[in-house]
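In what follows, a single structure is set out as structure tokens and then discussed.
Please treat every number below as a calculation from the coordinates, not as lab data. Fair warning: this is a prediction, and the values are worked out from it, not measured in the lab. Cβ placement follows ideal geometry from the backbone for every residue including glycine, while neighbour counts extend to all protein chains displayed.
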Amino acid sequence: MAETKTILVAGATGQQGGAVARELMKRGHRVFGLTRSTSKFKDLATAGIEGVQGDLTDKTSLAPLLRNADGFFIVTTPFEPNFSVHPEKEVQQGKNAIDAAKAAKVSHVVLASVASADEDTGIPHFESKAKVERHLKASRVPHTITRPVAFMDNYASPWMLSTLRGGIMQVPVPPGSRQQLVAVKDIGEIVARAFENRRMAIGKTVELAGDEIAFGDLPAALSQKLGHPIRYAEQSEEDARKLMGDDGLRMFQFFRTKGYHVDIPALETAWGYRMTRFHEFLDTVDWERAQPKW
Ligand SMILES: NC(=O)c1ccc[n+]([C@@H]2O[C@H](COP(=O)([O-])OP(=O)(O)OC[C@H]3O[C@@H](n4cnc5c(N)ncnc54)[C@H](OP(=O)(O)O)[C@@H]3O)[C@@H](O)[C@H]2O)c1
């Protein structure tokens, strides 16, 4: 086994941080899972993760947690639980986390960003991540940046399933538009490998994807698992804006006009790891409970 490391994982109660924390635990590392709420310690403990309380908007709360950490996985989010988008809050979270890591002389930060963050997409929650990336580079903290595409796990999330159960998938792109996807589990795997292979990983920006699928092929794949037909309907931009706001619509405009373009075979070769394909991901989901079985 690689040398045992102590890693502070932000977002441990969420998708990416949860996957990273579980993978690091599995590999025998000491993991502290950051959450704002002590009421979530119990759930973290069930997964074998030691919960610690802190808030990315409060630098002083992070200082003691980073004192003996070898690594810090940073996830920021502009989203509130009601799906409202606050890019400026995401920038603040990222800057605070990086400044705290610098002050504590953490020897390796892995920052979760998003694929195409540096491509002037005009999507507010991509631009905020680009700002955090720039802050990290300027800080000179030794780091790796992971940039995932859209999560496969979105298609098994309660909010997605509640609409799919109505038998219709409404998206503001033509069915032939393709989307690259990544399994959250694979983010955990690559981040764990980055922490374990610090010298190889530092200075790298890694875009993460495992498969590419046309939006129009999603309903058939999902209806097989959900056991009822699902129809694809191209939503008007006007309707989409009402439903997902300007930020969400801009993201779909990006999917339609340009889209993610990760070189999946090159990624797999570079990291010696085969990324999960979408049909494989679908097989891992417990569709009764709407969550991956792993
Ligand atoms: N969904 C996708 O397809 C996709 C693709 C690429 C990138 N992303 C990006 O992924 C990010 C979200 O990551 P996720 O889906 O892994 O998270 P998530 O499941 O939405 O959970 C959010 C996590 O952030 C933590 N958090 C929120 N505010 C915090 C604060 N002020 N201080 C400390 N922790 C805080 C929450 O912890 P507590 O509530 O326990 O404190 C929770 O663990 C977003 O920036 C999104 O843009 C998403």
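Under Stokes-Einstein, with the Kirkwood radius over Cα pairs standing in for Rh, what whole-number D in µm²/s applies to the range 28-70 at 10 °C and 1.306 mPa s?
146
What are the equivalent ellipsoid semi-axes of the chain, built from the alpha-carbon gyration tensor (square roots of five times its eigenvalues), in whole angstrom, biggest first?
Over the Cα atoms of the chain, the semi-axes work out to 31, 21, 19 Å.
Nothing charged except the Cβ atoms of Lys and Arg (+1) and of Asp and Glu (-1): what's the magnitude of the dipole of the chain about its Cα centre? Round to the nearest 20 debye.
920
In square nanometres, what is the average projected area of the Cα convex hull of the range 90-230?
9.7
Could you give the length gained on full extension between A103 and R289, defined as 0.36 nm per residue of separation minus the Cα-Cα distance, in nm?
My answer for the length gained is 62.7 nm.
Counting only helical runs of four or more DSSP H residues, what would the 222 nm mean residue ellipticity of the chain come to if each run contributes -39,500 (n - 2.57) and the total is spread over all its residues?
Taking each H run of at least 4 residues, the total per residue is -13000 deg cm²/dmol.
If I histogram all Cα-Cα distances within the range 172-294 using bins 10 Å wide from 0, what percent of pairs lands in each bin?
Bins of 10 Å from zero give 11, 33, 35, 18, 3 percent of pairs.
Between the range 235-253 and the range 34-74, how far is it from one alpha carbon centroid to the other, in angstrom?
A separation of 35 Å, based on Cα centres.
Out of residues 5 or more away from H86 or on other chains, whose amide H comes under 5 Å of its own, with H placed 1.01 Å from N in the peptide plane?
F79, E80
Just I123, I74, I168 to compare: in a GNM of the chain, with alpha carbon springs under 10 Å, which one fluctuates most?
I168
Can you list the lysines whose alpha carbon is less than 23 Å from that of K105, not counting same-chain residues fewer than 8 positions off?
K5, K59, K95, K129, K131, K137, K204
Name the most mobile residue of L136, L243, L208, meaning the one with the largest mean-square fluctuation, in a Gaussian network model of the chain with Cα contacts below 10 Å.
Highest fluctuation of the listed residues: L243.
So for the range 39-121, considering every pair of alpha-carbon atoms, how many percent are separated by more than 14 Å?
69
If the elastic network links every pair of Cα atoms under 10 Å, which of A220, A69, A138 fluctuates the most in the Gaussian network model of the chain?
Judging by the Gaussian network model, the answer is A138.
Quick one: of the DSSP bridges fully inside the chain, what percent are antiparallel, nearest 5?
20
Per the Kirkwood definition applied to all pairs of different Cα atoms, how many angstroms is the hydrodynamic radius of the range 1-62?
Computed over the range 1-62, the radius equals 11.6 Å.
Between E80 and N197, what length in nm is gained on full extension when 0.36 nm per residue of separation is reduced by their alpha carbon distance?
38.7 nm
If you take every residue apart from A103 with its C-beta less than 14 Å away from the C-beta of A103, what net charge results, scoring Lys and Arg +1 and Asp and Glu -1?
Within the 14 Å Cβ shell, the charges total +4.
Given a cut-off of under 8 Å on Cα pairs at least six residues apart, what relative contact order in percent is computed for the range 6-292?
17
Can you tell me the length gained on complete extension of the stretch N154 to D217, counting 0.36 nm per residue apart and subtracting the Cα distance?
Stretched out fully, the N154 to D217 stretch lengthens by 21.1 nm.
Could you derive backbone 3J(HN,Hα) for the range 268-277 from the dihedral phi with the Karplus parameters 6.51, -1.76 and 1.60 (θ = phi - 60°), listing whole Hz in sequence and x where the residue is Gly or Pro?
Result, rounded to whole Hz: 5, 5, 4, 9, x, 9, 8, 6, 6, 7.
Roughly what angle does helix 184-196 make with the longest principal axis of the chain, taking Cα atoms, 0 to 90 degrees, to the nearest 10?
20
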